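Here's the structure we're looking at; comments come further down.
The values are calculated or read from the model by the stated rules, or taken from the named source; none is laboratory data. This one's a predicted model, so the numbers in the text were calculated from it and none came from an experiment. Cβ: placed from backbone, ideal geometry, glycine included. Neighbour counts: every protein chain shown. Each accessible area value is taken on the protein alone, full model and side chains, heavy atoms only, with ligands, DNA and RNA left out. Shrake-Rupley method; radii C 1.70, N 1.55, O 1.52, S 1.80 Å.
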Amino acid sequence: MSSAEWYVIRSKRNTLLRQTDWMAASDLTLSNEWKAYRKALRDLPADQSSKTQSADITWPTPPDEDMLQG
């Protein structure tokens, strides 16, 4: 993939992480599912380096918000 495609992938990953930052920075306790989701996002794009097109990226699925503990 081109560096421009990786840039788009990293940007999307960063946006998804930012959307869940409030969970990790608040008085809520993240469930193991949310912790795993955020870790999978942080592991992108390193764990997808064999992909040849950005459309081939396997994005982690966010858990249900009802899984928040607090």
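General remarks:
- Residues in region 40-56 that are at pLDDT below 85 and assigned to a loop (DSSP other than H, G, I, E, B): PRO45, SER49, SER50, LYS51, THR52, GLN53.
- Matching residues in region 7-39 - criterion: being open to solvent by less than 60 Å² (accessible area, probe 1.4 Å), part of a helix (DSSP H, G or I) and touching a helix residue (DSSP H, G or I) at 6+ places or on another chain (Cβ under 8 Å): ILE9, ARG13, LEU16, LEU17, THR20, MET23, ALA24, TRP34, TYR37, ARG38
- Residue match in region 49-58 (condition: of a type outside the set (Ser, Thr, Tyr) and exposed (fewer than 10 other Cβ atoms within 10 Å of the Cβ)): yes
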